[in-house]
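K.L.:
Got a structure here, written out as structure tokens. Questions coming.
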Amino acid sequence: MDAAEFRKRGKEMVDYVADYLEKIEKRQVFPDVEPGYLRPLIADCAPQDPESFEDVFKDIEKIIMPGVTHWHSPYFFAYFPAASSFPALLADMLCGGIGCVGFSWAASPACTELETVMLDWLGKMVNLPEEFLAGKDGQGGGVIQGSASEATLIALLAARTKIIRQVQSEKPELTETEIMGRLVAYASDLAHSSVERAALIGAVKIKNVPSDDTFSVCGSALKKILDEDKAAGLIPFFFCATLGTTPCCSFDKLLELGPICNKENIWMHIDAAYAGSAFICPEFRHLLNGVEFADSFNFNPHKWLLVNFDCSAMWVKKRSDLIGAFKLEPLYLQHHHQESGLVTDYRHWQIPLGRRFRSLKLWFVLRMYGVKGLQEHIRKHIRLSHQFEYLVLQDERFEICAEVVLGLVCFRLKGSNELNEALLKSINDAKKIHLVPCHLREKFVLRFAICSRTVESTHIKFAWQHISQLATDLLKTWEQNHHQQ
């Protein structure tokens, strides 16, 4: 393919993507395929001779689309939103076109410098304390990671390195292995599984701190477990606080937890993967109060800020803590500007060496929507979640299982877990809308997350009527079976 054909085909692909997104609600949200559907549809091995673009293009609808779950459909209410917007897609094309691998400033100065500035922009939008911003000469700063899981892992590994060095300076007789064996990390019993996975990769123990009746971790619960562990000779070193838990979007109590972590020399990382985007709205910023006590903070613009995956924003108060943990300087990666205070080499801030020019997506979206446009997007989703909550509350067969704060509603039929499992199965088998469940304490609960950029009130009404009708049908057969038994 030469440049002339690329121009032609590029325009066709843009048309195809625009049509796909414009008409997405006509597609069934969840695919009708069985595992292994794809292999018989394509050749056993790569072709020896080149095929035409037309041949490849027509196979998109034939082979790929039948197996796609349409995350951007207004009938997709599962997981959390996956952000997308036309400005972000255009920026991603440019990122692919430039194709730099921005591991250091010298590898592409614009790639590094735009990221530093965009993370300052975003930090100011959520009103982060000054210490987290790079500014012209700050000690903190932001970085784009691939996902919140990566950000948690990076924070945990940096905290681990920091505590090992501290303990060794105080007790030189202890080996690194002995210290590692005594380290403990902590997170809510509702924290995302990626926190436990970070501890697994970091080879440290992790303990769940029980959440309270509002599904939040409070200071007394953390203090109790810390006191027990310290008495047993363990070394608490890391706590991951969650703002907007995955099961029910609950919020750990930062204002109680932060001072404890600071006093006990524990690195506090805040995972606000989904909820963090809402903090750009002044009326939700109080949910981040206490961030001033944290060492690191992360949220995903690729969930709720119209920037497509992957773009996970992470800030640290002291970038030296990260760089100190990951810095290696082989000659082939060195450059003559690296000692300058204005230069960031992001390879020291992340797991991989290479990185894409992801800040272009932020730059395009923040400029083309403006803070006000993004605030309106968030507020609209939250209004729609309260609309769904209201509809659920009108039906005495159902209950709401957790406070609706942002764009997630946790609800269920009053009755057994088996009944609710059957309801979810009938919803997802019908494939008109898509939901996923969670467990809250012992209850099997249905999660209804407002996801699509194009979702409207009509889609919410349709979803509720559909769920309500399936519940009516289910309860009839349930009662009949019950009588027969």
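The values are calculated or read from the model by the stated rules, or taken from the named source; none is laboratory data. Just so you know, these numbers come straight off a predicted model, no measurement behind them. All Cβ positions, glycine included, derive from the backbone under ideal geometry; neighbour counts span all protein chains shown. We work out accessible area using only protein heavy atoms, side chains counted, and drop any ligands, DNA or RNA first. Shrake-Rupley method; radii C 1.70, N 1.55, O 1.52, S 1.80 Å.
K.L.:
Kindly establish whether residue 11 is within 30 Å of residue 277 (Cβ to Cβ) and outside the structural domain of residue 431 (by the TED database).
P.N.:
Criteria not met by residue 11.
K.L.:
In addition: Looking for something of a type in the set (Asp, Glu) and out of contact with any helix residue (DSSP H, G or I) (no Cβ under 7 Å at 6 or more places or on another chain) - is there at least one such residue anywhere in region 258-273?
P.N.:
Within region 258-273 (the criterion being of a type in the set (Asp, Glu) and out of contact with any helix residue (DSSP H, G or I) (no Cβ under 7 Å at 6 or more places or on another chain)), the answer is no, since none of the residues qualifies.
K.L.:
When you go through 158, 187 one by one, which is the residue that is among the small types (Gly, Ala, Ser), over 22 Å from residue 354 (Cα atoms) and in contact with a helix residue (DSSP H, G or I) (Cβ under 7 Å, 6 or more places away or on another chain)?
P.N.:
187
K.L.:
Now, a different point. Among the residues of region 445-465, what is the count of those that are loosely packed, with under 15 Cβ neighbours inside 10 Å and in a helix (DSSP H, G or I)?
P.N.:
So the answer is 4.
K.L.:
Output the residue which, of all residues in region 272-323 that are touching a His at 6+ places or on another chain (Cβ under 7 Å) and open to solvent by 30 Å² or more (accessible area, probe 1.4 Å), is nearest to residue 187 (Cα to Cα).
P.N.:
295
K.L.:
Just one of 35, 66 is in contact with an Asp or Glu (Cβ under 9 Å, 6 or more places away or on another chain), of a type outside the set (Lys, Arg), closer than 28 Å to residue 451 by Cα and not assigned by the TED database to the domain that holds residue 459; which is it?
P.N.:
Every option except 66 fails the conditions.
K.L.:
Taking residue 157 as meeting all but one of (1) under 18 Å from residue 361 (Cα atoms); (2) in contact with a Gly (Cβ under 9 Å, 6 or more places away or on another chain), write down the number of the exception.
P.N.:
The failed condition is (1).
K.L.:
Moving on. Go through (1) more than 30 Å from residue 406 (Cα to Cα); (2) at pLDDT 90 or above; (3) in contact with a helix residue (DSSP H, G or I) (Cβ under 8 Å, 6 or more places away or on another chain); (4) not hydroxyl-bearing (Ser, Thr, Tyr) for residue 135 and report which single condition fails.
P.N.:
The failed condition is (2).
Residue-wise test of (1) under 20 Å from the mean Cα position of the chain (by Cα); (2) surrounded by 21 or more Cβ atoms within 10 Å (Cβ to Cβ).
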{"residue": "356", "(1), (2)": "yes, no"}
{"residue": "362", "(1), (2)": "yes, yes"}
{"residue": "381", "(1), (2)": "yes, yes"}
{"residue": "396", "(1), (2)": "no, no"}
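K.L.:
A further question follows. Yes or no: residue 440 aliphatic (A, V, I, L, M) and free of Cβ contacts under 8 Å to residues at least 60 places away in the same chain?
P.N.:
So residue 440 does not fit the description; no.
K.L.:
Give all pairs with beta carbons closer than 8 Å in which a residue from region 89-107 that is in contact (Cβ under 8 Å) with a residue 60 or more places away in the chain meets a residue that is open to solvent by 70 Å² or more (accessible area, probe 1.4 Å) and in a helix (DSSP H, G or I); count only pairs at least 6 apart in sequence or on separate chains.
P.N.:
Qualifying pairs under 8 Å: 91/363; 105/113.
K.L.:
What about residue 428, is it open to solvent by 20 Å² or more (accessible area, probe 1.4 Å) and either touching a Phe, Trp or Tyr at 6+ places or on another chain (Cβ under 9 Å) or assigned to a loop (DSSP other than H, G, I, E, B) (or both)?
P.N.:
For residue 428, the condition - open to solvent by 20 Å² or more (accessible area, probe 1.4 Å) and either touching a Phe, Trp or Tyr at 6+ places or on another chain (Cβ under 9 Å) or assigned to a loop (DSSP other than H, G, I, E, B) (or both) - is met.
K.L.:
How many residues does region 37-67 contain that are touching a residue at least 40 places away in the same chain (Cβ under 8 Å) and exposed (fewer than 14 other Cβ atoms within 10 Å of the Cβ)?
P.N.:
Adding up the residues that qualify gives 2.
K.L.:
Any residue that is in contact with a Phe, Trp or Tyr (Cβ under 8 Å, 6 or more places away or on another chain) and in contact (Cβ under 8 Å) with a residue 40 or more places away in the chain - is there at least one of those in region 170-181?
P.N.:
The answer is no, given that none of the residues of region 170-181 is in contact with a Phe, Trp or Tyr (Cβ under 8 Å, 6 or more places away or on another chain) and in contact (Cβ under 8 Å) with a residue 40 or more places away in the chain.
K.L.:
Sort out which residues of region 404-419 are within 27 Å of the chain's Cα centre (by Cα) and either loosely packed, with under 14 Cβ neighbours inside 10 Å or not in a loop (DSSP other than H, G, I, E, B) (or both), and write them in order of number.
P.N.:
Within region 404-419, 408, 409, 410, 411, 412 qualify.
K.L.:
Would you check which residues across region 290-309 are part of a loop (DSSP other than H, G, I, E, B) and touching a helix residue (DSSP H, G or I) at 6+ places or on another chain (Cβ under 6 Å) and list them?
P.N.:
Answer for region 290-309, where residues must be part of a loop (DSSP other than H, G, I, E, B) and touching a helix residue (DSSP H, G or I) at 6+ places or on another chain (Cβ under 6 Å): 290, 300, 305, 306, 307, 308, 309.
K.L.:
Which ones in region 6-36 are within 23 Å of residue 83 (Cβ to Cβ), charged (D, E, K, R) and in contact (Cβ under 8 Å) with a residue 24 or more places away in the chain?
P.N.:
Hits for region 6-36 are 25, 27.
K.L.:
What number of residues in region 81-120 are open to solvent by 10 Å² or more (accessible area, probe 1.4 Å), over 15 Å from residue 306 (Cβ atoms), of a type in the set (S, T, N, Q) and outside any helix (DSSP H, G or I)?
P.N.:
The number of residues fulfilling the criteria is 1.
K.L.:
Take the residues of region 121-147 that are in a helix (DSSP H, G or I) and free of Cβ contacts under 8 Å to residues at least 24 places away in the same chain: which is surrounded by the most Cβ atoms within 10 Å (Cβ to Cβ)?
P.N.:
Once the filter is applied, the top-ranked residue is 124.
K.L.:
Sticking with this structure for a sec: Can you confirm whether residue 442 is closer than 30 Å to residue 87 by Cα and surrounded by fewer than 16 Cβ atoms within 10 Å (Cβ to Cβ)?
P.N.:
So residue 442 does not fit the description; no.
K.L.:
While we're on this one: What pairs come out if I take residues in region 349-372 that are farther than 13 Å from residue 143 by Cα and pair them with residues that are surrounded by fewer than 21 Cβ atoms within 10 Å (Cβ to Cβ) and among the β-branched types (Val, Ile, Thr) whose C-beta lies under 6 Å away, six or more apart or interchain?
P.N.:
354/101
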